[in-house]
Amino acid sequence: MKTYKIAVIAGDGIGPDVINEGKKVLEAAASGFKLEWIDYPFSGAHYLKTGELITEQALEEMRKMNAIYLGAVGTPKLKPGVIEKGLLLKLRFFFDQYVNLRPVKLYEGVPCPLAGKTAKDIDFYVVRENTEDFYVGIGGNFHEGTKEEIAIQTGIVSYVGCERIMKYAFELAKSKGKKRVTAVDKANVLTNVYGLWRRVFNEVASNYKGIETEFALVDAVTQWFVRMPEHYQVVVTPNMFGDIITDLAAVIQGGMGVAPGANINPNGVSMFEPIHGSAPDIAGKGTANPIAAILAGKMMLETIGEQKTADKIEKAVETILKEGKIVPAEFKGKATTSEVGDAVKNKLEK
Ligand code: NAD
Ligand code: IPM
Ligand code: MN
């Protein structure tokens with residue numbers, strides 16, 4: 001039987017809890033193929049114990065696998081950035097996962113904080129550029145620790161980087177039957193980088209005549225997502241703005257615990273994760289919502305070519321949420337992390 005090798009980095013905080021549920025559901029759903037999980041211990045906690053972020057050997061092993069499945073990393077015991085840059089961003093850059101795809105979909109039965117908005121109003125994709133911008137790690141400090149300290153950190157935007165993410169966004173629109181692509185930026189202030197971003201967008205858009213296009217400034221987008229989410233179909237955004245607007249988008253689709261993401265290299269190894277972090281405020285309580293991790297697993301199956309099983313998982317999630325018998329703590333219900341996972345597993349069509 002066909003076997004896919006999946007590297008698993010469960011990580012910190014609620015990461016291991018939600019990844020467990022994801023594995024449980026994916027394993028139960030898999031039909032006609034098998035999943036082989038290769039667990040890696042890397043996390044903030046592992047770094048504190050061993051001084052190891054991620055090894056070259058592990059990266060080389062992962063290069064030969066079908067995908068990476070990641071929970072979340074980050075711990076308040078570590079200086080911010082150590083594990084986030086040393087592990088998560090390392091992987092995104094190492095495997096050149098230039099697309100960060102974040103579907104924003106409000107499922108029926110999920111409480112939405114926006115008055116008057118229902119499932120039919122919120123169903124779009126954010127395509128976040130994932131390898132450029134302020135994330136490249138170019139910068140430094142001078143006179144560190146003194147009152148004379150200065151710091152610099154540079155964002156970069158390249159023609160090639162814009163072109164590939166924008167092409168991905170338009171192709172996604174085409175394949176999903178979406179009719180509009182919105183490009184987010186801050187071209188009214190950061191004229192150099194986002195001037196280039198706009199130029200490339202117009203060039204790429206000219207090859208997709210049937211698709212409507214528009215530019216939106218990132219500050220305005222935050223209010224439009226709240227006031228008029230139904231307007232959005234595919235949104236393409238630079239890395240940092242994409243990070244910010246997808247936490248907002250996660251909340252309009254019901255919460256951090258329902259928002260999945262995929263870090264995709266269309267020609268290489270991709271990585272799938274919920275968009276939320278390690279949630280230290282609820283870690284260890286058993287109340288984290290695993291739906292985002294399960295849906296990230298569903299995106300993983302879709303990407304490796306197991307669409308039927310992916311659809312089956314989404315259907316089970318959809319049914320659970322719609323029925324409203326098992327309600328995750330995140331939606332003020334009583335269901336624990338594993339109860340939600342079990343409910344999804346038990347709803348899978350045979
Ligand atoms: P967070 O996403 O961990 O949490 C934000 C809020 O959402 C918290 O109140 C949390 O309880 C809630 N939440 C998150 N996931 C949930 C779930 N599945 N179910 C129910 N509630 C959920 O963001 P944060 O608190 O800013 O960051 C915590 C740590 O995680 C930091 O170290 C940060 O750097 C890291 N982080 C990691 C990733 C990642 O590994 N992909 C992503 C974001 C943040
Ligand atoms: C995310 C996270 C990461 C990001 C951090 C932890 C590096 O917030 O995946 O959204 O900014 O991309
Ligand atoms: Mn984020």
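The values are calculated or read from the model by the stated rules, or taken from the named source; none is laboratory data. Given the structure is predicted, the values throughout are model-derived calculations rather than measurements. All Cβ positions, even for glycine, are placed from backbone atoms using ideal geometry, and neighbour counts span all protein chains on display. What goes into the accessible areas is simple: the full protein's heavy atoms, side chains included, and nothing from ligands, DNA or RNA. Shrake-Rupley method; radii C 1.70, N 1.55, O 1.52, S 1.80 Å.
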Considering only residues that are out of contact with any helix residue (DSSP H, G or I) (no Cβ under 7 Å at 6 or more places or on another chain) and either open to solvent by less than 10 Å² (accessible area, probe 1.4 Å) or more than 11 Å from ligand 1 (Cβ to nearest atom) (or both), which ones fall in the range 263-278? 265, 266, 267, 268
Spot the failing condition for residue 44; the list is (1) over 22 Å from residue 284 (Cα atoms); (2) small (Gly, Ala, Ser); (3) crowded, with 18+ Cβ neighbours inside 10 Å, and only one is missed. (1)
Taking residue 251 as the residue in question, decide whether it is outside any strand (DSSP E or B), open to solvent by 40 Å² or more (accessible area, probe 1.4 Å) and touching a residue at least 40 places away in the same chain (Cβ under 8 Å). yes
Tell me, yes or no, whether the range 296-310 has at least one residue that is within 16 Å of ligand 3 (Cβ to nearest atom), closer than 30 Å to residue 334 by Cα and assigned by TED's automatic domain parsing to the domain that holds residue 77. yes
Using beta carbons and a limit of 7 Å, which pairs, at least six apart or on different chains, have the first residue in the range 264-278 and modelled with pLDDT of 95 or more and the second one assigned to a loop (DSSP other than H, G, I, E, B) and within 9 Å of ligand 2 (Cβ to nearest atom)? 277/74; 278/73; 278/74
List the strands (runs of 3 or more DSSP E) inside the range 1-92, counting only whole elements, that have at least 3 residues being among the charged types (D, E, K, R) and out of contact with any Asp or Glu (no Cβ under 6 Å at 6 or more places or on another chain). 33-40
Would you tally the residues in the range 239-284 being of a type in the set (S, T, N, Q), near ligand 2 (Cβ under 10 Å from one of its atoms) and under 21 Å from residue 298 (Cβ atoms)? 2
Quick one: which of 2, 23 is open to solvent by 30 Å² or more (accessible area, probe 1.4 Å) and in contact (Cβ under 8 Å) with a residue 60 or more places away in the chain? 23
Under 6 Å between Cβ atoms, which residue pairs at least 6 apart in sequence (or on different chains) link something in the range 332-349 that is touching a residue at least 12 places away in the same chain (Cβ under 8 Å) with a partner that is exposed (fewer than 15 other Cβ atoms within 10 Å of the Cβ)? 336/286; 337/286
